[in-house]
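Report on the structure given below.
The values are calculated or read from the model by the stated rules, or taken from the named source; none is laboratory data. Since the model is a prediction, treat every value here as computed from it, not as a measurement. Here Cβ is always computed from backbone atoms with ideal geometry, including for glycine, and neighbour counts include all displayed protein chains.
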Amino acid sequence: MNSLNKLHKAGQSIWLDFFDREIMDSGKLKKMIDEIDLAGITSNPSIFEKAVAAGSDYDEDIRKLSQTVKKGEEIFFDFAVKDIRRATDILRPVYDASGGTDGFVSLEVSPFLAKDGAGTLKQALKLWHEVNRKNVMIKIPGTKEGLTAIRKATAAGVNVNITLLFGLERYREVTNAYISGLEDRLKEGKSISDIFSVASFFLSRIDVLLDSQLKAKGLNDLVGEVAIDSAKMAYQIYKEVFNNERFKKLEAKGAHKQKVLWASTSTKDPSYSDVKYVETLIGPNTINTLPLATIEAFKDHGKVDQTLDSGIDKVKARLKKLEDNGFDLDKVSDQLVEEGIEKFNDAFNKLLKAIEVKSAKVKAGA
């Protein structure tokens, strides 16, 4: 039994923060499911952009689709839906074995819609119906504008993966949007037992932003701690929200708890352990989404222990010290959300440009 199998036994699911066609064609995805208990996949514009621009796996799709009047975004979602559908079928045994709480593949709405709640909802519903698989998740950004879309998509029976979460207050709002969506659906007399959701906290970017500022103020004891401390407090909120009377009423009707998912878990600072954002955040009924390099690193030397609930008093003290020294984590969260949207928009623009270039070559007879 390797460290990743032990992680699974400890109650934490590992999802892959990487996706392309080759990983399915080669059989590597199936092998990871069998050997390391891989239980899900997340995709995003950056991942697809690299696959399209640097490889040739999607050239034939682009060639065929570009012969119609479809735009770049339509071409992308056409082949993305096809690949996501295929991946969900490979992971369907995991979904079935878990009772519908694992084995998901996530597909993101256009990042251009991050500040457009109505547009986000419309596309989320469209993608949900196009993929047409119980174990697909539609990714909706955790922006203020996205909250209503999350609630309405949940009420419509969509599995939602809420992305770009950095702050605790926004996380509370996200849990409320999910629970309210379940309540809305129940009022319509519809089943809520097949709906599942995750709230994705992005971790390493918090430390990347704050570490240099903390060092400049001489707060070296807080360096490299804020992301993990925030995640641990999010887990405390999770336990509070999903064990209260409001949710228990829904649970009695078949509702699933919205799991917390740790994202952006590759270590950006080379002075930190390459499994820093894994070892420190292990707890039951959670998910950690890891890139391939971090999966290999943890398999090689990762240690498994129940760490997510440890040292909470120290966590609270550090966060209080951070506040006392003028750091407002809500403002930090807002900044990181804006930066995250910008990065995803940039990646999506590059993806569409790559499709446009290849499409132009096809039309020119190249």
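A few points about this structure:
- Residue in the range 143-153 that is at positive phi, buried (at least 23 other Cβ atoms within 10 Å of the Cβ) and out of contact with any Asp or Glu (no Cβ under 7 Å at 6 or more places or on another chain) present: no
- Selection of the range 154-167 for residues being farther than 17 Å from residue 195 by Cβ and either among the hydroxyl-bearing types (Ser, Thr, Tyr) or surrounded by fewer than 19 Cβ atoms within 10 Å (Cβ to Cβ) (or both) yields only 163.
Listed here are the residues, each with its yes/no results for (1) among the hydroxyl-bearing types (Ser, Thr, Tyr); (2) in contact with a helix residue (DSSP H, G or I) (Cβ under 9 Å, 6 or more places away or on another chain); (3) free of Cβ contacts under 8 Å to residues at least 12 places away in the same chain; (4) surrounded by 18 or more Cβ atoms within 10 Å (Cβ to Cβ).
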{"residue": "309", "(1), (2), (3), (4)": "no, yes, no, no"}
{"residue": "322", "(1), (2), (3), (4)": "no, yes, no, yes"}
{"residue": "330", "(1), (2), (3), (4)": "no, yes, no, no"}
{"residue": "335", "(1), (2), (3), (4)": "no, yes, no, no"}
{"residue": "345", "(1), (2), (3), (4)": "no, yes, no, no"}
{"residue": "354", "(1), (2), (3), (4)": "no, yes, no, yes"}
{"residue": "359", "(1), (2), (3), (4)": "yes, yes, no, yes"}
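- Considering residues of the range 87-114 that are out of contact with any helix residue (DSSP H, G or I) (no Cβ under 6 Å at 6 or more places or on another chain) and of a type in the set (D, E, K, R) only, the residue nearest to residue 149 (Cα to Cα): 108
- Boolean, residue 164 is in a helix (DSSP H, G or I) and not basic (Lys, Arg): no
- Complete set of residues in the range 39-88 that are part of a helix (DSSP H, G or I) and β-branched (Val, Ile, Thr): 47, 52, 62, 75, 81, 84, 88
- Among residues of the range 215-225, those that are in a helix (DSSP H, G or I) and either within 16 Å of residue 165 (Cα to Cα) or free of Cβ contacts under 8 Å to residues at least 12 places away in the same chain (or both), counted: 3
- Within the range 94-103, considering residues that are out of contact with any Leu (no Cβ under 7 Å at 6 or more places or on another chain) and in contact (Cβ under 8 Å) with a residue 12 or more places away in the chain, the one farthest from residue 76 (Cα to Cα): 98
- Residue check, residue 292 touching a Leu at 6+ places or on another chain (Cβ under 9 Å) and farther than 27 Å from residue 5 by Cα: no
- From the list 282, 287, the lone residue that is surrounded by 22 or more Cβ atoms within 10 Å (Cβ to Cβ), in a loop (DSSP other than H, G, I, E, B) and either in contact (Cβ under 8 Å) with a residue 40 or more places away in the chain or not acidic (Asp, Glu) (or both) is 282.
- Scanning the range 240-261 for residues that are within 23 Å of residue 283 (Cα to Cα) and either within 19 Å of the chain's Cα centre (by Cα) or surrounded by 17 or more Cβ atoms within 10 Å (Cβ to Cβ) (or both) gives 241, 242, 247, 255, 256, 257, 258, 259, 260, 261.
- Residue check for residue 106: surrounded by fewer than 19 Cβ atoms within 10 Å (Cβ to Cβ), at pLDDT 95 or above and not acidic (Asp, Glu): no
- Selection count, the range 226-275, where residues are part of a helix (DSSP H, G or I) and either out of contact with any helix residue (DSSP H, G or I) (no Cβ under 8 Å at 6 or more places or on another chain) or not charged (D, E, K, R) (or both): 20
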